[in-house]
Amino acid sequence: MEEQPLSRRPSLTTAKNLQLRKGPNWWKWVRLVLVLAVLGGIGGGVMVWRAKASEANKPAYETGQVKKGNLEVTVSATGKIESVDAVEIGAEVSGRVDEVLVEFNDPVTKGQVLAKINTEQLDARVKESQAQAAVSAASVISAKATAAEAKANAARMKSLADRGLVSQKDLESAIATAARAEASVSTSKAQQLASGASLESAISARDKAIIKSPIDGIVLSRSVEQGQTVASSLQAPVLFILAKDLTTMTLKVDIDEADVGKVAKGQRATFTVDAHPGKTFDAEVKSLKNVPTAGMDVVTYEAELTVDNKERLLRPGMTATATIITSDKKDILLVPNAALRFTPPEVAASANTSTGRAGPPLPGFGRGPRRPRGNKPAGAASAGAGRPKGESKAGRVWILNNGSPEAVRIRTGETDGSFTEIVGGKLDEGTSVLVDIVTEAK
């Protein structure tokens with residue numbers, strides 16, 4: 001390395017001066033950078049704080065999704081299960097029961113003897129009627145003989161009168177006697193008919209003392225015991241109840257007048273009974289009565305449902321809770337019912353101001369008191385509830401547009417209480433709609 005001349009080397013004094021000049025400028029720049037960094041951090045923090053504060057002032061919403069799915073609209077009702085073609089068998093005659101030949105649940109055939117009532121008095125009445133019938137028959141024979149004799153006598157008297165051997169008066173008397181004899185024959189015949197009818201009645205009463213089954217079926221109820229005396233003076237006492245077939249039963253339920261317009265013959269239904277918890281039985285609407293059943297508070301209409309009981313799990317008299325499927329739609333656009341009930345607080349407040357009201361929001365506006373999510377308030381009607389089947393209704397839901405709620409008009413159809421059918425409007429599958437507010441603006 002080539003050594004510089006002494007004249008070009010900086011002196012020690014000059015180097016120190018250069019160092020003294022360079023030192024203060026360097027620290028000046030460092031301090032400036034530090035100051036700017038601190039100011040930038042403070043400014044950035046303020047901006048972040050303001051952004052968070054602004055974000056905190058905005059309400060937070062809970063949303064639901066518009067989706068495609070199946071909608072099953074149902075009507076609920078309660079009633080009792082009854083046997084089909086149940087027959088009450090009573091006693092048409094009075095007397096002491098001598099024999100009871102069947103028990104509960106016994107199968108019976110048509111004509112089979114179920115019970116016997118003592119027939120001593122009935123047998124005596126039959127014999128009495130038979131004697132009266134015999135007397136009547138003899139009276140008829142006697143009357144016919146008398147009539148034949150009177151008729152012959154009248155003929156002889158006429159022959160003698162023609163020859164002038166008897167008077168006209170005797171002839172007329174003979175003719176009148178013959179006429180009375182013929183009338184007596186008619187009277188005797190009428191008495192014979194009456195005696196015959198009395199005999200038939202006595203025999204029928206005796207036969208009715210033998211209680212027989214009018215159908216093939218099964219004994220559901222037996223309300224008589226051997227030795228018991230039955231009296232049928234005013235009305236026939238019911239001794240047995242028979243069911244034709246327990247493999248098919250009927251369920252009679254009361255439909256509320258608000259739902260009766262949705263129920264029709266042929267609709268599918270399901271029901272449950274307390275005796276078999278967790279098991280669902282199938283049924284079908286067979287008929288719906290037009291005559292209402294008036295209660296204390298509501299008017300209902302009786303619907304009859306056909307029930308398949310091949311498993312023999314159901315018994316007459318069981319209380320059932322039925323669900324009738326009034327509409328079953330597949331792959332339709334659905335919106336949560338909570339979205340139809342929701343209105344942003346600021347809109348509700350604006351509505352209250354425009355109507356000159358103070359205080360809490362008007363019914364139907366705003367969110368009101370907070371309630372557990374997913375629970376429907378008691379007594380609140382579902383969207384679309386109570387409308388005739390197939391009728392649409394105007395509605396409104398809210399979506400977020402740039403962070404602010406925006407109303408979307410739609411038309412709704414039927415509902416199952418949780419979701420409502422969308423039949424018109426600008427809503428697509430997957431759209432998020434507002435259903436509740438989590439935190440309100442401060």
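No lab work stands behind these numbers, since they all come straight from the coordinates. Not measured: the values here are computed from a predicted model. All Cβ positions, glycine included, derive from the backbone under ideal geometry; neighbour counts span all protein chains shown.
Assorted remarks:
- Partners for LYS212 among aspartates and glutamates (Cα-Cα distance below 15 Å; same-chain residues under 8 apart left out): GLU88, GLU92, ASP98, GLU99, GLU103, ASP106
- Look at ARG312, ARG341 and count the other Cβ atoms within 10 Å of each Cβ; fewest to most, that gives ARG312, ARG341.
- Centroid-to-centroid separation of the stretch 222-277 and the stretch 109-177 [C-alpha atoms, Å]: 56
- When each of the peptides 397-407, 90-100 is scored by how many other beta carbons lie within 10 Å of its residues on average, the order from highest to lowest is 90-100, 397-407.
- Between the listed residues SER201, SER129, GLY164, the Cα displaced farthest toward the positive end of the dipole of the stretch 119-207, a dipole computed from Cβ unit charges relative to the Cα centre, is found at GLY164.
- Over 21 Å apart at the Cα level, from the set LYS80/LYS244; LYS169/LYS189; LYS265/LYS329, are LYS169/LYS189.
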